[in-house]
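J.: Following this message is one structure expressed as structure tokens.
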Amino acid sequence: MSIGTAITGSGVYTPNNIITNEELCHTFNAWVRRENERNADAIAAGDIEPLRESSPEFIEKASGIKQRHVHDKTGLLDIDRMCPNVPDRPDDEMSVQCEFAVNAARKALAAAGRVAEDVDMILLAGSNLQRLYPAIAMEVQHYLGARGFAYDLSVGCSSATFPIQIASDALRTGNATCALVVNPEMTTGHMNWRDRDSHFIFGDAGTALVIEPSDRVQSKDAFEILGTKLMSKFSSNIRNNGGYLNRCDPEHQFDANKLFYQQGRRVFKDVVPMASKFIAKHLETLGLLPGDVTRFWLHQANRNMNELVAKRLLGRPATPTEAPLILDEYANTASAGSIIAFSIHHDDLRVGDIGVLCSFGAGYSIGSIVLRRL
Ligand code: COA
């Protein structure tokens, strides 16, 4: 008989610093004015275009974002820097992403009624990993005091759902008995804060989920995993070429394409139909219709995008309860976004209610997890 699995606890860590759209644009626009003054002659001669200012009104209208939590605020609001200040830490100190993960994991374990020694599998997944080895997941395992094995993986924003399938499969086959999935998204490090098109998009947060066999659940707050479905389709429309080979070409080492960049409009057009069809198809394979779903915890990249995905699924606009948004407060936190939505907005579901957790983003990658409240 196949073993059922369940999400038995979730946790969110958010840094205390907040940057509002107004503060963000104040710095960005001061930098734009200074650059335009510096290049006044070339602009007057028609050799280069003046840079354009950003606006809080545009940001909120285009994305639904009002503010973002950030690990460091000082560096981001310094026009000579516009990059977070993150001092290097010695090897015997917890790394930044480990800290994000451990903070979120402790909350998720408490919610699941578990202690770290119960955990025998840790998957750490994120759109950015601060180093390649030793795996940050192993550092999390060490600082928490967990057992078993741990490793990192990276699937852009779908780092939310891909490890849920891996963990669930490992539990089903008996290769693990209690899994922890963590998403330490320190996204402010990969942003180009001088790019008007994207400087407002991201925020920092860490999330964690505990996943266990359904027959071992201790939490009163658990969701059975009815099904998981993943897909990927290569596209460069969301891309970041930052990596260990950058220093091998010093001329291009610090080019803008070594940070996050995207074709926002293309992403919007490609991903909305892809994600809505994918969720509908996944539900169908489980004998369900979108109308059977009480809650959609969708990836949080853009308000208009989420509203359209939900509308395509339901054939009408979703209510804020059916497809909650957390973008206004957190901005896009990459893979942490759909998990934050789940973590904040699940208490009111009743036993038997169906929910869909769905991530979509760079890759392209999409993951859908269908859940039923236990
Ligand atoms: N401030 C003021 N105006 C701005 C601006 C800013 N920061 N950035 C762009 N604009 C202007 C543009 O110049 C353009 O005006 P113009 O036509 O007069 O030149 C107008 O706003 C529209 O620009 P556009 O880039 O087409 O905006 P958009 O409506 O597509 O919104 C995104 C941009 C990024 C919010 C949107 O495309 C998006 O969210 N796409 C999906 C991205 C996504 O989910 N990525 C996943 C990341 S994990």
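J.: Of all beta bridges DSSP finds with both residues in the chain, what is the antiparallel percent, to the nearest 5?
T.: Taking every DSSP beta bridge within the chain, about 70 percent pair in antiparallel fashion.
J.: Pairs to check: Lys66/Lys281; Lys73/Lys311; Lys229/Lys311; Lys66/Lys220. Give those whose C-alpha atoms are more than 31 Å from each other in this structure.
T.: From Lys66/Lys281; Lys73/Lys311; Lys229/Lys311; Lys66/Lys220, over 31 Å: Lys66/Lys281; Lys73/Lys311; Lys66/Lys220.
J.: Between Arg131, Arg194, Arg265, find the one with the highest GNM mean-square fluctuation for the chain; connect C-alpha pairs within less than 10 Å.
T.: With Cα springs under 10 Å in the chain, the top fluctuation among Arg131, Arg194, Arg265 is at Arg265.
J.: Compute the separation of the alpha-carbon centres of segment 65-109 and segment 327-374 and state it in Å as a whole number.
T.: Spelled out, the Cα-based centre of one part sits 23 Å from the other.
J.: Report the charge-dipole magnitude of the chain in Debye, nearest 20, computed about the Cα centre from +1 at each Lys and Arg Cβ and -1 at each Asp and Glu Cβ.
T.: 1200
J.: Continuing with this model, one more query. I'm a student and want to see the number: the projected area of the Cα convex hull of segment 125-255, averaged over all directions, in nm².
T.: 10.7
J.: Hull surface divided by four, with the convex hull built on the Cα atoms of segment 288-374: how many nm²?
T.: 5.4
J.: Roughly what would the spin-label model give for Ala40 and Arg247, points 7 Å off Cα along C-beta, in nm?
T.: Modelled inter-label distance: 4.1 nm.
J.: Any idea what Rg and Dmax come out to for the chain if you just take the C-alpha atoms, in Å?
T.: Gyration radius and largest Cα-Cα distance of the chain: 20.9, 76 Å.
J.: Then there's this: What number, rounded to the nearest 500 deg cm²/dmol, is the helix-based mean residue ellipticity at 222 nm of the chain, given -39500 (n - 2.57) per DSSP H run of at least four residues and division by all its residues?
T.: -9500 deg cm²/dmol
J.: As a test, work out the antiparallel percent of DSSP beta bridges whose residues both lie in segment 275-374, rounded to the nearest 5.
T.: Around 60 percent of the beta bridges assigned by DSSP in segment 275-374 are antiparallel ones.
J.: Let me know the shape class of segment 208-281, please: from the alpha-carbon gyration tensor, a ≥ b ≥ c as square roots of the eigenvalues, rounded when a/c is under 1.5, otherwise prolate if a/b is greater than b/c, or oblate.
T.: Oblate shape, in that a/c is at least 1.5 and b/c is the bigger or equal ratio.
J.: Which of Thr173, Thr333, Thr294 moves the most in a Gaussian network model of the chain with Cα springs under 10 Å?
T.: In the Gaussian network model the winner is Thr173.
J.: If you don't mind, there's one more thing I want to ask. By its C-alpha gyration tensor, with a ≥ b ≥ c as the square roots of the eigenvalues, how is segment 36-97 shaped: rounded for a/c under 1.5, else prolate for a/b larger than b/c, else oblate?
T.: It is oblate, given that a/c is not under 1.5 and a/b is not larger than b/c.
J.: What is the ratio of the Cα radius of gyration of segment 152-208 to 2.2 N^0.38 Å, where N is its residue count, to two decimals?
T.: That works out to 1.48 for segment 152-208.
J.: Which shape class, rounded, prolate or oblate, goes with segment 167-325 when its Cα gyration tensor gives a ≥ b ≥ c as root eigenvalues, a/c under 1.5 marks rounded, and past that a/b bigger than b/c marks prolate?
T.: Oblate.
J.: Right, next: Quick check on the exposure proxy: order Val182, Val267, Val115 from fewest to most C-beta atoms within 10 angstrom.
T.: So the residues, fewest neighbours to most, are Val115, Val267, Val182.
J.: Among the chymotrypsin sites (Phe, Trp or Tyr not before Pro) within segment 220-294, which fall in a DSSP loop and have no more than 12 other Cβ atoms within 10 Å of their own Cβ?
T.: Phe234, Tyr244, Phe254
J.: Which value, to two decimals, describes the C-alpha radius of gyration of segment 77-198 once divided by 2.2 N^0.38 Å?
T.: Normalised by 2.2 N^0.38 Å, the Cα Rg of segment 77-198 equals 1.16.
Rule-based calculations on the coordinates, nothing more; no lab input. Keep in mind that what you see is a predicted model, and the values were worked out from it rather than measured. Note: ideal-geometry Cβ built from the backbone for every residue, glycine included; neighbour counts use all protein chains shown.
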